[in-house]
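These notes are about the structure you will find just below.
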Amino acid sequence: MDRSPKHAYYPTKPQSQEETINSNTVDLLPVLVDINDSYKTIRELGSGTYGRVLLAYNRDQQQRCALKILPKSTTKFRDFQREYNYSLILTSHRSIISTFETCYQTQDSYILVQEYAPLGDLFESIPPQRGLPEKHAKIIMKQIASALEFMHDKGLIHRDVKPENVMIFDADFHKVKLIDFGMTRKCGSYVRRLVGSIPYSPPEVCEATTNDILVTSAMDIWAFGVLLFCTLTGNFPWEHAQITDIYYNEFLMWQKHQRRKLPSQWFRFTPRLMRLFNKMLDPVSESRCEISEICKYYDDRWISETVRRRPSHEDEGVEEDYSSGGSISGTDLEEITKMMKDYGLDQHNQNQPHLHSSIDIPDINNQALSDNSYFIKKQHNSDVFSHHQHKYIS
């Protein structure tokens, strides 16, 4: 079988990156190919409503790579084109997954070729209800913040920042990369609501009353704040950033009256880190900090000395029950209770979500979910993936 370039798709590069970003079309579709002519499939890395990801071996270049296969039955060409173009624009950054210029199509699928991350995603590396050590969290966050700043400087918003979209290349986390640009949009554009990862979605998305939502960099800042919390604790701070969520509500009360006692799931953090959280997780999107603000906090201590001295998260004590969230406390408890009752909710029926939580939410394409589970359930003998499965490559 001929392996010449006519079997692949090499798009003509536009005159500028701005032209790429604003482009609505690309050259002719790639010629139909049998992907097995150039690649040897090793195993499946992930699958979901979006398609599937395969670990493959490039016969010509003699290297492993990841193939993201998107069915034409559920993927519009313009969506494939957008993700492909954005992936190429961003591939030069050291903390963004590398995308090959060559892409393919078969009779029923579009195919992106990207580098393979041998150690999987960040989600799989976070100890549930414990979190990663501070030194590792800082190494990771520096790289992802740099990737997001690179995107924002180009006027692009990721819109799906979460542990599953951070790939690991070495055991010490000195090389991690941001992936998955299927939801990336230009800053200032509008998108339909109910799109994205609910625990990471900001209030302006969760509480939207219209179908059109303005895309801003503040969306990524919020998600980055939740990502940092998850990385350090192995828990989510809340299920969704709405007043009906007791844990989000309690955090709002702390933001409103910072003289009150911290919610127990935030006990482990130093005042300096809480200041950063306050800036990233501001309920008013216009008031959130820029991603560049985060670099000012890398040299600060993030975990309090009390928690550092603690030998195990299983020790008793309300003051240090930081891993499970503990009981609701604080002088604003009555105010929270009243707000919850106004929504017809019982605060005692809500437990703090953790990285094994199953949260029923709509798929990003408003399609039914196959497993009704939002996050990966870590099971030794089966592969259970997140709801839209964008893992290993973007």
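Each reported figure results from applying straightforward, stated rules to the coordinates on display, with no laboratory input. It should be emphasised that the depicted structure is a prediction, and the values quoted were computed from it without experimental measurement. Using ideal geometry, Cβ is built from the backbone for each residue, glycine included, and neighbour counts are taken over all protein chains shown.
Could you work out the local net charge near W222, counting Lys and Arg as +1, Asp and Glu as -1, over the other residues with Cβ closer than 10 Å to its Cβ? Neighbourhood net charge equals -2.
Rounded to the nearest Hz, the phi-derived 3J(HN,Hα) couplings of the stretch 160-170 under the Karplus curve 6.51 cos²θ - 1.76 cosθ + 1.60 (θ = phi - 60°) are 8, 6, 6, x, 5, 9, 10, 9, 10, 10, 8, where x marks glycine and proline. Residue-wise HN-Hα couplings along the stretch 105-112, as the Karplus relation 6.51 cos²θ - 1.76 cosθ + 1.60 with θ = phi - 60° gives them from phi, are 9, 10, 5, 10, 8, 9, 9, 9 Hz; Gly and Pro carry x.
Working ranking of peptides 250-256, 298-304 by packing, defined as the average number of other Cβ atoms within 10 Å per residue, highest first, is 250-256, 298-304.
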